[in-house]
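Down below is the structure, laid out as structure tokens.
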Amino acid sequence: MSDAYSSGRPSSPGRDGMALLGRRTMLKGGSGAALLAGLQACAPAPAALVSAPPPTPREPGKRPLLHPMRGTLDQLIDVKCCIRPLRAAGPNLAAEIIGNALVVHNYGHGGSGWSLSWGSAEVAVGKALSVLPREIAVVGCGIIGLTTAVVAQRAGLRVTIYARDMIQRSRSFRASGSFTPDSRVALTEPAGPAFGDLWETMARLSWKTFRTYLGLPGNPVEFHDSYGLSDTPIEKRHYPPDPAITDSYATKGVPVQNSEFMHLSDRIKDIVPQAVDVPAEENPFALPYAQRSSQMHFNFASYAHTLLSEFFAGGGRFVNRDFHSPAEYGQLAEKVVINCTGYAARDLWRDRTIIPVRGQTGWLVPQPDANYGVRYKNVSMLSKGDGVVVQNNNPDIGEMLGVGDSMELPDRSGIEEGLRIMAPALVLKGA
Amino acid sequence: MKRTSLGLALGLGFLALAAAGAGAALAAAAQPAPRLLYSESQAAEGARVYGMRCAMCHGRQLEGTLETPALTGKFVANWAGRPVGDLYDYLGRAMPQFAPGSLPPEEDAKVIAYILKANGYRPGGAPLPADSAALGRIDLPAPGAP
Ligand SMILES: Cc1cc2nc3c(=O)[nH]c(=O)nc-3n(C[C@H](O)[C@H](O)[C@H](O)COP(=O)(O)OP(=O)(O)OC[C@H]3O[C@@H](n4cnc5c(N)ncnc54)[C@H](O)[C@@H]3O)c2cc1C
């Protein structure tokens, strides 16, 4: 089908197309890192500051006073399921000509879309700016599209977002929402060594930009302590390649073991807090072993509100529209379009290199007083503004969990099981 | 391959804002428009397939959820004014999302017949063909269009 689809790629572009094509090689080959230079976004000064809750007092040798976290079933108010758009080679940031429009892609961020949103937008907008547009279109209004639109506005462009759903109904709102920039973002072999540098630039820029949202009204971005708890001494888990497995992404088109995933977080450990052992006398939990790290997270409702407010205040326009083929991008009034359609790009752009990775989260009634996170066995809980998020992951398969699975219906029993597993870990010492 | 417009792209929910342009009307007069047809029994079979393969996500009444699109209302506005073949092809390659392309073509056509019926399109004897090219020549009218 879709004659429209194939006819959207002209063999002989018109004059505008030619002009754009002249830049095509550069855009394709251009390193994102180079384009990032000099494009630092500057956040507007906040109108009013409210103070975040005071940090938990932490004195050496003393246990911090924690408010107990409730993990009972009666608190469960939502289970959300979502698909991570994993591309083996990393996010697609290439540019191409459709009709006489330049389309810059910005999709396929796996389990790292929130975390990489600012850096990735910087790369995509940098490519769009190279043809000197005054106005651009952004297709998609998940975390990638909305951030891209704001970055484009900050670069002085007039922006229209076209999307079938605003961020609140997008897959982005079904994430868990922590700073996890190297979660299922690429596979080592197909992405190649160059991806590491691009990733690092995007991750560092994102981290710094998120920091400009700390302490703003509604706490769109926050830090909490996150405790890893255990019955036995805690050791970092490694997933060495299994020599018995001869297949790989190269033969199967999907990763077949955990060791194929690219891990890059060590590159930014100078800025991202690492886990430290909590001495027994400082461990507030009944379980004997604990590690603590400071975790940055995003409060979806407040964060989306903050970004949308900036977008509309900056004259941004939102058009509700469903695209049926890439050719329709070429028919837009704007001749530069940034494509931020996430997992949907798999069908819309026939990008079969997008691998679905299913994941789900449970949500408990918000518990602002229990302002921390807990991880125990395969389960994690984190107290956020819009609820306490619960995840029940299988530790034995690591990042392979959900790979190839595009079933997007939530399964409540998995979350219920997670809460049962977590129950002993929520008990505080002396309780 | 010429398509004939039976309705207007603006099917806003069940409100037909139909006002066929003069050009389209002339074209229609020159070449009889292929009619959008499906049969009652096809729609009934479609309801059965829908119940087994689609309802788990899109809802028993096609009502959708916050996350999964409903197959009434905005859905029709979205697909009206373009070839039914687009919808048929989309179903065939992208749905059901958990096993894309797993329904035989006849079942895709049945499901579409059911969706048409649920959206107020009247049945008309012959079944909707499981044929991408044929459906590519029929535009989906706005649901309230004559
Ligand atoms: C369980 C789970 C937990 C996660 N946790 C984290 C985390 O902690 N940290 C993190 O960084 N990432 C996390 N992720 C990953 C993150 O959710 C994704 O990387 C991110 O949401 C991708 O955003 P996006 O904007 O590209 O796509 P989407 O959110 O899917 O947005 C796509 C947009 O495009 C629009 N669109 C799509 N198709 C069309 C069309 N045909 N016509 C018009 N509009 C269209 C949609 O309406 C939407 O507005 C998690 C993912 C899952 C599943």
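Could you calculate the contour length gain from A:I397 to A:R412, that is, 0.36 nm times the residue separation minus the distance between their Cα atoms, to one decimal place in nm?
Working: separation 15, 0.36 × 15 = 5.40 nm, distance 2.07 nm.
Stretched out fully, the A:I397 to A:R412 stretch lengthens by 3.3 nm.
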**Study point:** Heavy-atom accessible area order for A:K208, B:K74, largest first, 1.4 Å probe
**Key:** A:K208, B:K74
Check your understanding: At A:S294 and A:V365, where each label point lies 7 Å from the Cα along Cα→Cβ, what is the point-to-point distance in nanometres?
Key -> 3.2 nm
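What net charge is computed for the residues neighbouring A:I161, neighbours being all others with C-beta under 10 Å from the C-beta of A:I161, Lys and Arg scored +1, Asp and Glu -1?
The answer is +2.
Using the alpha carbon gyration tensor of region A:372-431, what are the three equivalent-ellipsoid semi-axes (square root of 5 times each eigenvalue), largest first, in whole Å?
Over the Cα atoms of region A:372-431, the semi-axes work out to 24, 14, 11 Å.
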Exercise for review: Note down the accessible area of A:Y289, probe 1.4 Å, to the nearest 10 Å².
Suggested key: 90 Å²
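With all protein chains present, how much of the accessible area of region A:145-207 (probe radius 1.4 Å) comes from carbon and sulfur, to the nearest whole percent? Don't skip to the answer; put the middle values down first.
On the way: 1040 of 2050 Å².
After summing per-atom areas, the C and S share lands at 51 percent.
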**Study point:** ³J(HN,Hα) computed for each position of region A:395-407 - Karplus, 6.51 cos²θ - 1.76 cosθ + 1.60, integer Hz, glycine/proline x
**Key:** x, 6, 10, x, 6, 6, 4, x, 4, x, 9, 10, 6
Point to revise | Test item: A:324-331 mean partner chain Cβ contacts at 10 Å | key: 1
Check your understanding: Which angle between 0 and 90 degrees, to the nearest 10, do you get for helix A:113-129 versus the longest principal axis of chain A when only C-alpha atoms count?
Key -> 20 degrees
Point to revise | Residues whose placed amide H lies under 5 Å from that of A:R158, excluding near-sequence neighbours | key: A:E135, A:I136
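Rounded to the nearest 500 deg cm²/dmol, what is the calculated helix-only ellipticity per residue at 222 nm for chain A, with -39500 (n - 2.57) per DSSP H run of length n ≥ 4? Could you put the intermediate results ahead of the total?
Values: 12 runs with 108 residues, N = 431.
Calculated mean residue ellipticity at 222 nm is -7000 deg cm²/dmol.
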Practice item. Return the value, in Å² to the nearest 100, of accessible area buried between chains B and A (probe 1.4 Å, both sides summed). Key: 1700 Å²
Check your understanding: Under a point spin-label approximation (7 Å from Cα along Cα-to-Cβ), what is the A:H67-A:V427 distance to one decimal in nm?
Key -> 2.3 nm
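Once fully extended, how much extra length lies between A:R321 and A:R350, figured as 0.36 nm per residue of separation less the alpha-carbon to alpha-carbon distance?
Details: separation 29, 0.36 × 29 = 10.44 nm, distance 1.91 nm.
Gain on extension, A:R321 to A:R350, equals 8.5 nm.
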Check your understanding: Considering only protein heavy atoms, what is the solvent-accessible area of A:R346 at a probe of 1.4 Å, reported in Å² to the nearest 10?
Key -> 60 Å²
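When Rg is the radius of gyration of the Cα atoms in chain A and Rh is its Kirkwood radius, what does Rg/Rh come to? Working shown, then result.
Numbers: Rg = 22.2 Å, Rh = 22.6 Å.
Rounded to two decimals, Rg over Rh is 0.98.
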**Study point:** Top of A:A191, A:A290, A:A280 by mean-square fluctuation, Gaussian network on chain A, Cα under 10 Å
**Key:** A:A280
**Study point:** Computed label-point distance, nm, for sites B:A55 and A:K252 using a 7 Å Cα→Cβ extension
**Key:** 3.5 nm
Practice item. Note down the net charge around B:Y50, summing +1 for each Lys or Arg and -1 for each Asp or Glu among other residues with Cβ under 10 Å from its Cβ. Key: +2
Review point. Once fully extended, how much extra length lies between A:A333 and A:D277, figured as 0.36 nm per residue of separation less the alpha-carbon to alpha-carbon distance?
Key: 14.5 nm
Review point. Within region A:73-426, what is the number of lysine pairs with alpha carbons under 28 Å apart, leaving out pairs fewer than eight places apart on the same chain?
Key: 12
Check your understanding: Using alpha carbon centroids, what distance separates region B:31-78 and region A:203-243, in Å?
Key -> 43 Å
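Estimate the FRET efficiency between B:A126 and A:K236 by the formula 1/(1 + (r/R0)^6), using the beta-carbon distance for r and 45 Å for R0, to the nearest 0.05.
Working: r = 66 Å, r/R0 = 1.46.
Step by step, r from the Cβ atoms, then E = 0.10.
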**Study point:** Drop in accessible area of at least 40 Å² in the complex versus isolated chain, residues of region A:386-428, 1.4 Å probe
**Key:** A:S406, A:M407, A:L409
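The values are calculated or read from the model by the stated rules, or taken from the named source; none is laboratory data. As the structure is a computational prediction, the values presented were derived from the model and not from experiment. Quick reminder, even Gly has a Cβ in these numbers, built from the backbone with ideal geometry, and neighbours come from all protein chains shown. These accessible areas exclude ligands, DNA and RNA; they are computed on the full protein's heavy atoms, side chains included. Shrake-Rupley method; radii C 1.70, N 1.55, O 1.52, S 1.80 Å.
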